[in-house]
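Reading through the structure tokens given below for one structure.
The values are calculated or read from the model by the stated rules, or taken from the named source; none is laboratory data. Keep in mind that this is a model prediction, so the values were computed, not measured. Every residue, glycine among them, receives a Cβ derived from its backbone with ideal geometry; neighbour counts consider all protein chains shown. Just so you know, the surface numbers come from the protein's heavy atoms only, side chains and all, with ligands and any DNA or RNA stripped out. Shrake-Rupley method; radii C 1.70, N 1.55, O 1.52, S 1.80 Å.
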Amino acid sequence: MTRKGSRPAAGSEAIDPDVDLHVPAQRAEPQGRVLAAVAAGGAAGASARYGISLLWPAAPGAFPWATLWINTSGCALIGVLMVLISEGGRTAPHPLLRPFAGVGVLGGFTTFSTYALDFSRLLDAGEARSALAYAGLTVVAALGAVWAAASATRLAVRGRGPDRVVR
Amino acid sequence: MNWLLVVAGAVVGAPLRYLTDRAVQQRHDSVFPWGTFVVNAGACLVLGVLTGAALAGAASSWVVVLLGPGLCGALSTYSTFSYETLRLAERGWGFLAAANVAMSVLVGLGAVHLGSQVARQLFA
């Protein structure tokens with residue numbers, strides 16, 4: 001829904017939050033600064049993930065709660081971030097916010113490969129039931145978190161003004 | 001020291017995800033997020049091979065930290081995967097959303113397992 005004189009926020013048509021070439025501004029984004037922002041954010045996100053995995057290690061055969069929590073919270077945060085960036089602001093967000101916080105920090109914090117390795121390790125430990133529960137629970141928790149966080153952020157953003165319905 | 005290795009891996013992994021995603025998207029015009037799918041599947045395969053090599057004693061512990069939680073951890077992503085699944089569903093492409101979840105999970109889990117089994121035998 002577009003009011004006269006206001007266009008949908010740049011990037012609201014995007015599917016892929018890392019980079020979506022259907023969005024002209026992202027197709028043309030300056031590669032040097034963007035890559036530096038992604039690298040810096042990735043270092044921060046991966047450090048946080050590594051720190052949590054050291055503080056909250058899973059014993060062999062035990063349920064990998066740390067990875068589950070990392071992925072679920074990262075998915076909730078990307079829901080908040082992307083709604084704020086693509087639907088929220090009266091002023092355009094800084095062009096490096098998505099590369100730094102979304103692609104870098106949250107992309108570096110969450111991990112698909114560790115999730116898959118956790119599953120494989122549970123299988124190797126003879127914990128097939130645990131492995132399947134972990135695989136399914138992570139998907140449900142991650143998708144539930146991104147949906148709930150995006151919905152809540154939309155409600156909050158819409159409460160601030162009448163013109164915030166952008167799909 | 002290990003923390004520096006994780007950072008070194010992530011500084012390469014996160015931009016590599018962004019660049020691979022762009023490169024894959026330049027080769028097709030569908031709304032299906034093939035870029036993220038390729039990146040996650042690739043990171044899972046590399047992590048599987050790395051784990052298998054480590055179990056066979058062919059990868060030292062610093063390489064495992066650099067490439068495991070560092071490179072593969074930052075190369076792969078759950079947040080991007082879940083957000084694009086949500087966007088596909090919101091835009092009315094429920095089938096693509098479901099296909100993205102099923103394919104990413106099955107291929108990712110399979111790639112780690114396959115990579116580690118093959119590497120364990122190759123490097124034994």
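Per-residue answers, yes or no, for (1) free of Cβ contacts under 8 Å to residues at least 40 places away in the same chain; (2) among the aromatic types (Phe, Trp, Tyr); (3) open to solvent by 50 Å² or more (accessible area, probe 1.4 Å); (4) not in a loop (DSSP other than H, G, I, E, B):
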position: A:GLY108; (1), (2), (3), (4): no, no, no, yes
position: A:LEU137; (1), (2), (3), (4): no, no, yes, yes
position: A:VAL140; (1), (2), (3), (4): yes, no, yes, yes
position: A:ALA150; (1), (2), (3), (4): no, no, no, yes
**Request:** Determine whether B:THR85 is at pLDDT 95 or above and in contact with a Lys or Arg (Cβ under 9 Å, 6 or more places away or on another chain).
**Result:** no
**Prompt:** Taking the stretch A:49-96 as the region of interest, how many residues are surrounded by 16 or more Cβ atoms within 10 Å (Cβ to Cβ) and in a helix (DSSP H, G or I)?
**Reply:** 26
**Request:** May I ask you to list the residues in the stretch A:110-135 that are open to solvent by 10 Å² or more (accessible area, probe 1.4 Å) and under 30 Å from A:LEU35 (Cα atoms)?
**Result:** A:THR114, A:LEU117, A:ASP118
**Complete:** For the stretch B:107-124, pairs from a residue that is more than 8 Å from chain A (Cβ to nearest Cβ) and in contact (Cβ under 8 Å) with a residue 40 or more places away in the chain to a residue that is in a helix (DSSP H, G or I) and of a type in the set (Phe, Trp, Tyr), with Cβ under 9 Å and 6 or more apart or across chains, are B:VAL107/B:PHE37
**Prompt:** Which one of A:ALA46, A:ALA36 is at pLDDT 95 or above, in a helix (DSSP H, G or I), under 25 Å from B:ALA8 (Cβ atoms) and open to solvent by 50 Å² or more (accessible area, probe 1.4 Å)?
**Reply:** A:ALA36
**Prompt:** Residues in the stretch B:56-105 that are not in a helix (DSSP H, G or I) and not aromatic (Phe, Trp, Tyr): how many?
**Reply:** 9
**Single unsatisfied condition, A:ASP20 versus (1) without any contact (Cβ under 8 Å) to a residue 12 or more places away in the chain; (2) not in a loop (DSSP other than H, G, I, E, B)** = (2)
**Message:** Cβ-Cβ distance below 7 Å, separation of 6 or more or different chains: which pairs start in the stretch B:53-74 with a residue that is more than 24 Å from A:GLY74 (Cα to Cα) and end on one that is of a type in the set (Lys, Arg)?
**Reply:** B:LEU55/B:ARG120; B:ALA56/B:ARG120
**Request:** Name the one entry in A:GLY88, A:GLY126, A:GLY61, A:GLY102 that is more than 7 Å from chain B (Cβ to nearest Cβ) and over 28 Å from B:MET103 (Cα atoms).
**Result:** A:GLY88
**Fill in**
Of B:LEU55, B:LEU50, B:LEU66, the only residue that is open to solvent by less than 20 Å² (accessible area, probe 1.4 Å) and among the aliphatic types (A, V, I, L, M) is B:LEU50
